[in-house]
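Worksheet: the structure to be examined is printed underneath.
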Amino acid sequence: MPNHTEIYKHKAETYYKLISKQNNLVYTIEKIRPIKGLDIVDLGAGTGRLASVLAEEAKSIIALDASQEMLNITKKRLKKAGFTNWKTIVSDLRKLPLQDQSADLVVAGWSICYLGSENNPYWEQDIYKVIKEMKRVLRSNGTIIIFETHGTGVTSPAPPDFLKKYYTALVDDYGFSHQCIRLDYTFDHINQAEELTRFFFGNDLADKVVRENLVQLPECARFCGCKYN
Ligand SMILES: C[S@@+](CC[C@H](N)C(=O)[O-])C[C@H]1O[C@@H](n2cnc3c(N)ncnc32)[C@H](O)[C@@H]1O
């Protein structure tokens, strides 16, 4: 399996190329919380998948990530689109450099899972810290939306074993509701599908992509929503 920390530090452009093959999630978010006029925080914003589509309607958006290299792409995208209502901050999700009750909506896409993985011996404490921080920065009636994987290369939800306890905790301990959606990749051609899946998901999936000619690669995602305060 490729080293994702290395990817977020040295191969941000290729990550961006990969996720640009998936659909825009703005309509999914809008259904949970209409975004017009909201102060929004994007945790683990990466190359700006969520921040770049939320910026148009948001009052303000703060994109946080541990990787400056990933945020550089977010910056470039937001500047190019002409938005001025944003800032980026390099920060860890467990300690947010944000004021209490300063946001209406906190989103986190495929980022908290790195702390919630059972491979992290402190996953329970870390998830507690992240959720506590999210609640602290939210205003009353604020909303949290978390996106995570339910499997790539599968057509029905198949959460990875090492994330199952974290997903259960979101529902049972923190009161999130959840739903699964398809978030397939539509690649331009099979060589690109192979190159980008090998880059991020590793050889097993890339070999399957080639074997089954998966120019359209299925993915299941799960989003969890919760209102606090
Ligand atoms: C899979 S990418 C997701 C990026 C973006 N949200 C998206 O949907 O494409 C995961 C991101 O989470 C960030 N990340 C992981 N752990 C983090 C932590 N503890 N604090 C801050 N950022 C973190 C990584 O640097 C990376 O940019």
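Laboratory data are not the source of any read-out in this text; all were calculated from the coordinates shown. Just so we're clear, the structure is a prediction, and the values are computed from it rather than from any experiment. No Cβ is skipped: glycine too gets one built from the backbone with ideal geometry, and neighbour counts run over all protein chains shown.
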Item to check | Matching residues, the range 163-180, being under 17 Å from Lys129 (Cβ atoms), part of a helix (DSSP H, G or I) and among the hydroxyl-bearing types (Ser, Thr, Tyr) | outcome: Tyr166
Next on the checklist: Please go through the range 20-44 and give me each residue that is in contact (Cβ under 8 Å) with a residue 12 or more places away in the chain, under 21 Å from Ser177 (Cα atoms) and among the acidic types (Asp, Glu), ordered by number.
Outcome noted: Asp42
Next on the checklist: List pairs: first residue in the range 62-78 and on the phi > 0 side of the Ramachandran plot and more than 9 Å from the ligand (Cβ to nearest atom), second residue outside any helix (DSSP H, G or I) and of a type in the set (S, T, N, Q) anywhere in the structure, Cβ distance under 9 angstrom, at least six positions apart or on different chains.
Outcome noted: none
Item to check | Hits in the range 15-37 (condition: under 16 Å from the mean Cα position of the chain (by Cα) and either exposed (fewer than 13 other Cβ atoms within 10 Å of the Cβ) or of a type in the set (S, T, N, Q) (or both)) | outcome: Ser20, Gln22, Asn23, Asn24, Tyr27, Thr28
Next on the checklist: Anything in the range 2-39 that is out of contact with any strand residue (DSSP E or B) (no Cβ under 6 Å at 6 or more places or on another chain) and assigned to a loop (DSSP other than H, G, I, E, B)? List them, or say none.
Outcome noted: Pro2, Asn3, Lys11, Ser20, Asn23, Asn24, Leu25, Pro34, Ile35, Lys36, Gly37
Item to check | Lone qualifier among Gly48, Gly82 - being surrounded by 18 or more Cβ atoms within 10 Å (Cβ to Cβ), on the phi > 0 side of the Ramachandran plot and either free of Cβ contacts under 8 Å to residues at least 12 places away in the same chain or near the ligand (Cβ under 10 Å from one of its atoms) (or both) | outcome: Gly48
Item to check | Close pairs (6 angstrom Cβ cut-off, 6 or more residues apart or separate chains): under 20 Å from Phe147 (Cβ atoms) in the range 87-115, of a type in the set (Ser, Thr, Tyr) and crowded, with 17+ Cβ neighbours inside 10 Å anywhere | outcome: Thr88/Thr74; Leu105/Thr143
Checklist entry - Counting just the residues of the range 85-119 that are of a type in the set (Lys, Arg) and not in a strand (DSSP E or B), which one comes out farthest from the ligand (Cβ to nearest atom)? => result Lys95
